[in-house]
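*Asks:* I am attaching a structure below and will ask some questions about it afterwards.
Taken together, the values in this text are just the output of simple stated rules run on the coordinates, not laboratory data. Remember, predicted model here, so these are calculated numbers, not experimental data. So basically every Cβ, Gly included, is an ideal-geometry build from the backbone, and we count neighbours across all protein chains shown.
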Amino acid sequence: MKRWKGLPVLIFITCLTVALSACGGSADLGKLGKTDPSDVLVAYFSCTNHTKSVANYIADITGGTLYEITPEIPYTSEDLNYNSDCRANREQNDDSARPAIKGEVENMEQYDVIYLGYPIWWGQAPKIIYTFLESYDLSGKTIVPFCTSGSSSIGSSATNLHSSASGATWLNGKRFSGAAQRSEVENWVNGLNG
Ligand SMILES: Cc1cc2nc3c(=O)[nH]c(=O)nc-3n(C[C@H](O)[C@H](O)[C@H](O)COP(=O)(O)O)c2cc1C
C-alpha cells in the first residue's frame with residue numbers, strides 16, 4: 001500500500017499546534033481587554049499609601065474608577081505595630097475576622113474587571129479584603145490582584161482569596177515594592193492586555 005505523502009506534514013502541523021497551545025497563549029483573561037474604561041474598577045486597601053500609589057497608577061493607565069476600601073475603624077500606628085500583639089496581627093490570626101468597611105461601591109454591577117490591591121500582612125491579604133469580596137456578588141467579573149510588601153512575594157495571598165469570590169475569573173496577581181515606579185506598573189498592565 002502506498003503511504004500518503006502528506007502524512008508527515010500533517011503530523012508536524014498537529015504537533016506544532018499542540019505545542020503552541022501548551023505554551024499558554026490561551027490563558028483565560030476573562031473580560032480583560034474587552035472592556036471600556038467605565039467597566040474597570042480599581043479597588044484597594046492601603047494604610048501607609050504604598051498600595052494606594054500603585055492603585056493610582058493603575059487607575060490612570062486603565063482609565064478605571066478608583067475605590068478605596070476604607071475601614072469603619074481606621075488602623076492606628078499601634079494597630080499596625082506587627083512586633084506587638086496589635087490589631088492587625090490578631091485579625092490575621094483569626095479566620096473569622098471580617099473588619100467592617102465604611103461605605104460601598106456604587107453600581108458594582110457596571111464593572112466587569114476589578115483590579116484589587118492590598119498590602120501583604122504576614123504573607124496574606126488583610127482580612128478586610130475578604131470582607132470586601134464577600135460583600136458583593138462578583139460572579140462573572142474578572143479580578144486582577146496586586147499587592148505591595150516589604151519583601152515577601154504575593155505567595156498564596158491571592159489564591160487564598162478565590163473562595164471568597166468563586167464565581168469570578170481570577171488572573172494571576174503581581175507584587176510590587178512600596179516604591180514601585182509608574183513604568184513598572186504600566187508594563188504589567190499592558191502585558192495583561194496583550
Ligand atoms: C501587620 C503587618 C504585617 C506585615 N507583614 C509583611 C510580610 O509578611 N511580608 C512583607 O514583606 N511585608 C509585610 N508588611 C509590610 C507591608 O506589606 C508593606 O509595608 C506594604 O507595602 C504596606 O502597604 P500600604 O502602605 O499600602 O499599607 C507588613 C506590614 C504590617 C502592618
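*Asks:* Give, as a single signed number, the net charge of other residues whose beta carbon lies under 12 Å from the beta carbon of Ser149, with Lys and Arg counted +1 and Asp and Glu -1.
*Replies:* +2
*Asks:* Name the residue from Ala179, Ser139, Ser77 whose Cα lies farthest towards the positive end of the charge dipole of segment 36-193, charges +1 on Cβ of Lys and Arg and -1 on Cβ of Asp and Glu.
*Replies:* Projecting each Cα onto the dipole axis, the largest value belongs to Ala179.
*Asks:* Follow-up. So what's the gap between the Cα centers of segment 34-99 and segment 166-194, to the nearest angstrom?
*Replies:* When both Cα centres are located, 16 Å separates them.
*Asks:* In what order do Lys174, Lys52 fall by count of nearby beta-carbon atoms within 10 Å, going from fewest to most? Show your work: numbers first, answer last.
*Replies:* Values: Lys174 21, Lys52 18.
Fewest-to-most Cβ neighbours within 10 Å comes out as Lys52, Lys174.
*Asks:* Next question. Please give me, ordered by residue number, the chymotrypsin sites (Phe, Trp or Tyr not before Pro) of segment 43-130 that lie in loop per DSSP and have at most 15 other Cβ atoms within 10 Å.
*Replies:* Tyr82, Trp122
*Asks:* I need the P(r) histogram for segment 36-193: all alpha carbon pairs, bin width 5 Å from 0 out to the longest distance, whole percents.
*Replies:* The calculated distribution, bin by bin, is 2, 9, 19, 24, 22, 14, 7, 2, 0, 0.
*Asks:* Continuing with the same structure: Return His162, His50 ranked ascending by Cβ neighbour count within 10 Å, so the fewest neighbours appear first.
*Replies:* His162, His50
*Asks:* Compute the relative contact order of segment 36-193 as a whole-number percentage, counting only Cα pairs closer than 8 Å that sit 6 or more residues apart in sequence. Working shown, then result.
*Replies:* Values: 281 pairs, mean separation 38.1, N = 158.
So the answer I get is 24 percent.
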